[in-house]
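Here's the structure we're looking at; comments come further down.
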Amino acid sequence: MSGQKVWTTGAHLAAFGMLLARTNWDVPKHRGITYFALPMRQSGVEARPLRQMNGRASFNEVFLTEARVPHANVIGEAGGGWAVALATLAHERGLATARLAAVPPRGQGRTAREASAEAAEYAKTYEWYPQRAGRPDVVPSQARATGKDGDPVVRQDAARLAALERVARWNVERARAGRAAGRPPGPEGSLAKLCGSEIARAASRLHAAMTGAGAMLSGPASPLEGIVAEIIVSVPAGSIAGGTDEVQHNIIGERVLGLPKEPQVDVDVPFREVRTNVPRR
């Protein structure tokens, strides 16, 4: 298969990628899609890291040129990939309930050492994610360090941030209880994702307000050794990655509030006949 995909996290280090490909053009758009585990280490796959404004390069643009996928790498049923994709997204949006890229404990043998080193290397992909989340955990200490802990506006905004964080943690605990009871991920993942975006933006605004112009500085001598600057340039990514805030609002509106879906004219139309802005072969 040939094609291109942008914003693929960790593709330059991954052994496999999650690939959804249309395998049947004569059924409606949510059917006829198959989910594959794509071997990334082959000549037909090229991952090009994208440099971000925070200096990191966690995301990639991936190019497929006559790439191959074995039949054994189909996840679920052929043509049933949409259901698998929804389950994947639900788990992805619930990642706030677990640590990303956990490094296994070190062992004594060669295999354990190599596995630990490989996991530690891959974990670097996510080492800036705390900054993307706004670092609300350091707001109180920064308020004291900058002398803003007596500012009534800063105190009010910090209290509002703490309240939002506590509500978000309760939602995460509800999600964990559901997993423990055997229930699949649901719209609470979208609530967590949306809360995370709001918390990150609120924390970023507070850090900028407390630090002032110095928040633009990076390097060892800058506020929090550059962490404040990295927060400010990293937080916007949280409202896009894993599904935009607008997507989460739609999911919550439809699945939690019971609001009607947006009008669709192509639900029962074979995908081959769906109108697009590019010519079909």
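The values are calculated or read from the model by the stated rules, or taken from the named source; none is laboratory data. No experiment lies behind these values; they were computed from the predicted model shown. Cβ: placed from backbone, ideal geometry, glycine included. Neighbour counts: every protein chain shown.
Here is a list: Ala202, Ala221. Which entry is part of a loop (DSSP other than H, G, I, E, B) and hydrophobic (A, V, I, L, M, F, W, C)? Before you say what the answer is, go through the steps one by one.
On the way: Ala202 fails: part of a loop (DSSP other than H, G, I, E, B).
Result of the check over Ala202, Ala221: Ala221.
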key: Single residue of Arg169, Arg135 found to be basic (Lys, Arg) and on the phi > 0 side of the Ramachandran plot   = Arg135
remark   = Residue count, the stretch 216-237, condition surrounded by fewer than 21 Cβ atoms within 10 Å (Cβ to Cβ) and under 12 Å from Thr146 (Cα atoms), comes to 1
query = Out of (1) farther than 27 Å from Ala115 by Cβ; (2) touching a Ser or Thr at 6+ places or on another chain (Cβ under 6 Å), the odd one out for Phe59 is which?
reply = (1)
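Looking at Gln42, Gln52, which one is in a loop (DSSP other than H, G, I, E, B) and in contact (Cβ under 8 Å) with a residue 40 or more places away in the chain? Explain how you work it out, then say what you get.
Numbers: Gln42 fails: in contact (Cβ under 8 Å) with a residue 40 or more places away in the chain.
That would be Gln52, the only listed residue that is in a loop (DSSP other than H, G, I, E, B) and in contact (Cβ under 8 Å) with a residue 40 or more places away in the chain.
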ask   = If you go through the stretch 107-116 one residue at a time, how many are surrounded by fewer than 12 Cβ atoms within 10 Å (Cβ to Cβ) and either of a type in the set (A, V, I, L, M) or in a helix (DSSP H, G or I) (or both)?
value = 3
query = Is it true that some residue in the stretch 238-257 is free of Cβ contacts under 8 Å to residues at least 40 places away in the same chain, under 21 Å from Arg56 (Cβ atoms), surrounded by 12 or more Cβ atoms within 10 Å (Cβ to Cβ) and of a type outside the set (Ser, Thr, Tyr)?
reply = yes
query = Can you tell me which residue in the stretch 229-262 is nearest to Gly214 (Cα to Cα), limited to those that are modelled with pLDDT of 85 or more and part of a loop (DSSP other than H, G, I, E, B)?
reply = Ile240
